[in-house]
Structure formats: structure tokens, C-alpha cells
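Presented below is the structure to which this report refers.
The values are calculated or read from the model by the stated rules, or taken from the named source; none is laboratory data. None of these values were measured; they are calculated from a predicted model. Virtual Cβ from ideal backbone geometry, glycine too; neighbours counted across all protein chains shown.
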Amino acid sequence: MTDDATPPEPLQRRTHKNIEPLEIPARLPLHEQAKVIDPSFKTPEEIAAADTPAPVPTIVHHEPPKGARHWLPHTRTQIVLCGVLLILIAGGIAGWVLTHSKQTPTHHQRPIATNVPKPIPKTIYSTLTGLPVASASINQRPVTAVMVENSLAARPQSGLSQAGVVFEALAEGGVTRFMALYQDTTPTNVGPIRSARPYFIEWAMGFDAAYAHVGGSPVALSDIKAWNVQDLNQFYYGGYYHRISSRLAPHNVYTGINTLNQLESKLGYSSFYTGFTRGKATPSTNPTVTNISLYLSDRYYNPSYTYDATTNSYNRSEYGTPQVDANTGKQLSPKVVIAMVVPYSRGSLDSTGAYYSDYAVTGSGNAYVFQNGTLTVGTWNKPSRTGSLSFSAANGQPLPLDPGQTWITAVANTNEVSYN
């Protein structure tokens, strides 16, 4: 049966088809290639010849044929456009950096001023007088208390008008004496300077003051040592005082506050105290008290005051004539006049046969305070020898005093104060 079968034809091998190689055309110039790809392309020469703006070519993305190399250059138009685009981008970035960067001022430019408010300087007031002072250092100076004579031979005195506070009381024989306090003023000529008394020393101690005097009563000199007073006795420190030739001794000893300040610095003196309560000067539109008279001894030593509304001060007179400062020739005119009623006694007889006055200055009593053309009756208080003197109104509240010189006179009784 197998003989009847037709044998299969033998397998034939597949022959390869010969592919003729593509004929590669000669490479065209770039502008010819551009025309092949984009028939609307024109060279710059053609555009210039036409003298018409060249239309912006539409860029068509052509997929490269398979096997084509992607790094082949684009057309000239694309290259030019890409370059322009890169220049524009770079220029935009550079412009942004320049306009947003912080400009450093040159010598042709001024920095922009900012409206920062200047701090308002704080006003500093004198502890002694309540008046404005140039700096806080002035209140760090020692208070200097100077004993000033008031006999007829001592008038007119020098430097009283520049004192911050003046105390007035009887010495002996009916003659009054002053104690002038300085801190924010420094007159170069103060005097004539006389001797110490115990009650003046206690008033000075209330201001923790250095005490300038020429000798003193036996009790006063003993008290200065016992009470550890900051002493400036001319007997020990004569080089810081001087004598004038126009007056006879003992009415010719003077000093300067700057000179005493140098001595105080050398001795290490300082002052820590509480000043008077000060207020704002408010002159009355209708002054009720314009004349003041105080009785101390006799007509030679009884002071009087006349209120001057134009200066809001009290012009002082003694023996019926204006009392002036020899340094300025002007009448003494304190802003505040106070009469303190202080227990008084004639004291003991000394070896010379003189009776020294004695005041009980520690404690309290009535006070007549004249300021702004008015009168306030209140109370003075000094709690201890070293305690600060203060004044209060009838209701017990502190009595504010006007800024400026305060003149305080000790009287023995309320009937020694008269006014209208």
C-alpha cells in the first residue's frame, strides 16, 4: 500500500530577496532644505528684496523618520527664533534681578529718611528748689549751708538771691541771722559769714548739708562734734574762704560755693534728704494777701514783703528799705514766704555776758505759707534732728510749695505775723 503513495516533494530553502540600496541624493544647502520642508521659507536676502515684512513661519513639528539622528540641526529660522527667545528670557530674568535686588546707596543717592519720632527728653527738677535743672548730677551735689550775718554792718549781703532756701532767726541781742542753702546754684561770692548756732545746725541736718561757718557759740561747736555734722568751719579750712578789703573784721569773711564744693569733694561729703513737696505755680487772679509783716526784734530787723503780681514773688524789705543782693544790686524776691511758729527762749548766758537764743526746732507747730498772692495756714513738722522739715495743710495732706526760692522765718508767737 505504501507503493501506491505519492512521495512528498522535497523542501525548498527560502531565498533572500535582494534589496537594492537607496540612492542617497546629494546633500542640499540649508536654505534649500528649508524650502523642501517649508515651501514658504525665504532667505533674508529674499525678504530684503521683497521689502516687505516676512510672515512669521508656522513651525510644524515633523516626526523624524525612523533611524534618523535627533541631533541633526534644525532649520535656520528655528535656530534664529530660539536664539531670540533665549535672549528675551535672559533679559527678563536679568531685569527682575536688578529691579528686585536691594540697592546699595552710592554717593549720588541719599538713604530714604524714616519718620522715627525722637524721644522727648525728661525734665529733671532740683530737689532743693523744684526748678528745672540741666542734669541729674546737680541733685547729686552736697547741699551747702552757709551762715550769713544780718547786722547793719553786714548789709547788703552777697549771694542771698541765689540761695534755694533761706532760714531766718534771732541770734542774740535782737540781731537776726540767716542760713542760706545752695545746691543747684554756685555764686562765687557769698557772705559775710558768721558763727554757728545749734538750731541752725539742726535745720541744716534736715537737708544732710555741709555746714559753712566761722566759729560758733560754745554749745554749737560742741554739737557739731557730737552730732557728726559735715563741718566746713573756716577755723580749720581757712584756705577755702577769703576776706574782702572793703569791710572791717568780723564782717569781711566770704566764700564761693564752687570753692566749698571742692572742699566737700575732698572731704567726701554728700547729701541724702527729702526735699519739700513742690507744685505748679498758679498765681491768683484775685490776690488776697499783698503785704506781710513779721515781728522779730525791732524796726532794724523786722522784715516785710510786698507781693508783685507781675513776677508772682514777694519783694523783701528791712528797716523800711528794699533789701538787695550786693552781687546783683537787685531786691531779694522769694517765691514762697513761710512764717513758722517755733517755741523760743533766750537761752543761757555765755562767758561774754551774751544770751544766746534757743529754738525748739524738732517737733511741729503752726505755719503761715504765703504764695501766689494768697495765704494757707498749715503745720510744720520736723520729726527728729536729722529728719526733713515738711509742711502740711489743715487737712493733714502735704502742702505743695511753688518752685523757686523759699524764705523761712522763725517767729515766737502767732501774733508776730500780720498781713493784709
Show the residue pairs meeting these rules: Cβ distance below 6 Å; 6+ apart or different chains; first residue within the range 136-155 and touching a residue at least 12 places away in the same chain (Cβ under 8 Å); second residue part of a helix (DSSP H, G or I).
PRO142/GLU264; THR144/ILE257; THR144/LEU260; ALA145/ALA204
State the number of residues belonging to the range 265-285 that are touching a Gly at 6+ places or on another chain (Cβ under 8 Å) and more than 25 Å from SER392 (Cβ to Cβ).
0
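Go through the range 250-289 and count every residue that is more than 24 Å from the chain's Cα centre (by Cα), assigned to a loop (DSSP other than H, G, I, E, B), loosely packed, with under 12 Cβ neighbours inside 10 Å and at pLDDT 95 or above.
Count: 1.
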Anything in the range 398-418 that is polar (S, T, N, Q) and in contact with a Gly (Cβ under 9 Å, 6 or more places away or on another chain)? List them, or say none.
GLN405, THR406
Looking at (1) within 15 Å of VAL190 (Cα to Cα); (2) outside any helix (DSSP H, G or I), can you tell me which one TYR236 breaks?
(1)
Here is a check on your reading of the model: is TYR199 in a strand (DSSP E or B), surrounded by 21 or more Cβ atoms within 10 Å (Cβ to Cβ) and not assigned by TED's automatic domain parsing to the domain that holds GLU318?
no
Answer from GLY378, GLY347, GLY387 - the residue that is modelled with pLDDT under 95 and small (Gly, Ala, Ser):
GLY347
Across the range 154-196, the tally of residues that are within 37 Å of the chain's Cα centre (by Cα), in a loop (DSSP other than H, G, I, E, B) and of a type outside the set (Val, Ile, Thr) stands at 8
Residues in the range 208-233 that are in contact (Cβ under 8 Å) with a residue 40 or more places away in the chain and either in a loop (DSSP other than H, G, I, E, B) or among the aliphatic types (A, V, I, L, M) (or both): how many?
9
